[in-house]
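Each remark here refers to the structure printed beneath this line.
The values are calculated or read from the model by the stated rules, or taken from the named source; none is laboratory data. All of these numbers come straight from a predicted model, not from anything done at the bench. Positions of Cβ are backbone-derived with ideal geometry, glycine not excepted, and every protein chain shown enters the neighbour counts. SASA here: full protein model, heavy atoms, side chains in, ligands and nucleic acids out. Shrake-Rupley method; radii C 1.70, N 1.55, O 1.52, S 1.80 Å.
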Amino acid sequence: MDRQSLIKKFDKQAHKYNKRRKNGQASEFRQRIFREANGKVLEVAIGSGLNFPFYSSDIELTGLDFSPAMLKSAQNAAKNYPFKTTLIQDDVEKVEFDENSFDTIISSGSLCAYQEPVNVLNSFQKWCKPDGKILMLEHGISTNKPLAWLQKSLNPLAVKVVGCHQNRNISEIVKASKLTLIREERYFTGYLYLIWATP
């Protein structure tokens, strides 16, 4: 799928994401992992700002997204939170940041959409400070065999309709990258991945 088509798909979903900021299905898990963000924080594919409620007040947030509609929602939401927020419209698969720029890098439900997810994680490794952390909440292939079969069967349709791969093994993607996996937790029959990693 070409990038412009993908951007349009996420633009159309912006209002749905906006409604999930405080009471989405994964809110308790966002709280569990993203409360650990500190210092200069980069959140890629920031969307409408679903993670804003879970950040501490003293972070300095840089948010990246290629969807102008998502960024508009995030900009409006950021007014309600005390931390400094800078939003950038760009593609994480093309953008460049200086090495060792961030204390924390956040990825939330975004690995499903990248053409080369391992390359994205390798960029995280470069952009994150040596003593920093990478925190991820992602969805992927389930440990439940019938559900995994369904995910694989529906994947072509999901990619076409919402631009999202349903059958990616997030654990294997992280292990194939330059990141060091510290901890992994799985929920919802293994469909939801919480990943703690370092550069």
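Listed conditions (1) open to solvent by less than 70 Å² (accessible area, probe 1.4 Å); (2) hydroxyl-bearing (Ser, Thr, Tyr); (3) more than 20 Å from Ile182 (Cα to Cα) are all met by Ser108, apart from (3). Whether any residue in the stretch 62-70 is more than 23 Å from Ile33 (Cα to Cα) and of a type in the set (Phe, Trp, Tyr) is what I want to check. The answer is yes; a qualifying residue exists.
Conditions (1) among the hydrophobic types (A, V, I, L, M, F, W, C); (2) more than 22 Å from Glu28 (Cβ to Cβ), marked per residue:
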residue	(1), (2)
Glu99	no, yes
Ser108	no, no
Leu121	yes, yes
Lys126	no, yes
Val159	yes, yes
Arg186	no, no
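Only one residue in Ser107, Ser56, Ser101 is closer than 24 Å to Val174 by Cα and over 17 Å from the mean Cα position of the chain (by Cα). Which one? It would help to see each step written out before you state the result.
Details: Ser107 fails: over 17 Å from the mean Cα position of the chain (by Cα); Ser56 fails: closer than 24 Å to Val174 by Cα.
Being closer than 24 Å to Val174 by Cα and over 17 Å from the mean Cα position of the chain (by Cα) holds for just one of Ser107, Ser56, Ser101, which is Ser101.
Go through the stretch 45-54 and report how many residues are surrounded by 24 or more Cβ atoms within 10 Å (Cβ to Cβ) and closer than 13 Å to Ile88 by Cβ. Walk me through it before giving the result.
Of the stretch 45-54, the ones surrounded by 24 or more Cβ atoms within 10 Å (Cβ to Cβ) are 46-51.
Next, from what is left, pick out any that are closer than 13 Å to Ile88 by Cβ: 46.
Qualifying residue count for the region: 1.
In the stretch 119-136 there is no residue that is in a loop (DSSP other than H, G, I, E, B) and either among the aliphatic types (A, V, I, L, M) or over 25 Å from Asn38 (Cβ atoms) (or both). Tallying residues that are surrounded by fewer than 18 Cβ atoms within 10 Å (Cβ to Cβ) and within 16 Å of Lys40 (Cβ to Cβ) within the stretch 55-80 yields 4.
Is there a residue in the stretch 138-150 that is under 30 Å from Glu60 (Cα atoms), assigned to a strand (DSSP E or B), among the acidic types (Asp, Glu) and open to solvent by 80 Å² or more (accessible area, probe 1.4 Å)?
So far as the stretch 138-150 goes, no, none of its residues is under 30 Å from Glu60 (Cα atoms), assigned to a strand (DSSP E or B), among the acidic types (Asp, Glu) and open to solvent by 80 Å² or more (accessible area, probe 1.4 Å).
A residue that is free of Cβ contacts under 8 Å to residues at least 60 places away in the same chain, open to solvent by 40 Å² or more (accessible area, probe 1.4 Å) and out of contact with any Phe, Trp or Tyr (no Cβ under 8 Å at 6 or more places or on another chain) occurs somewhere in the stretch 89-105.
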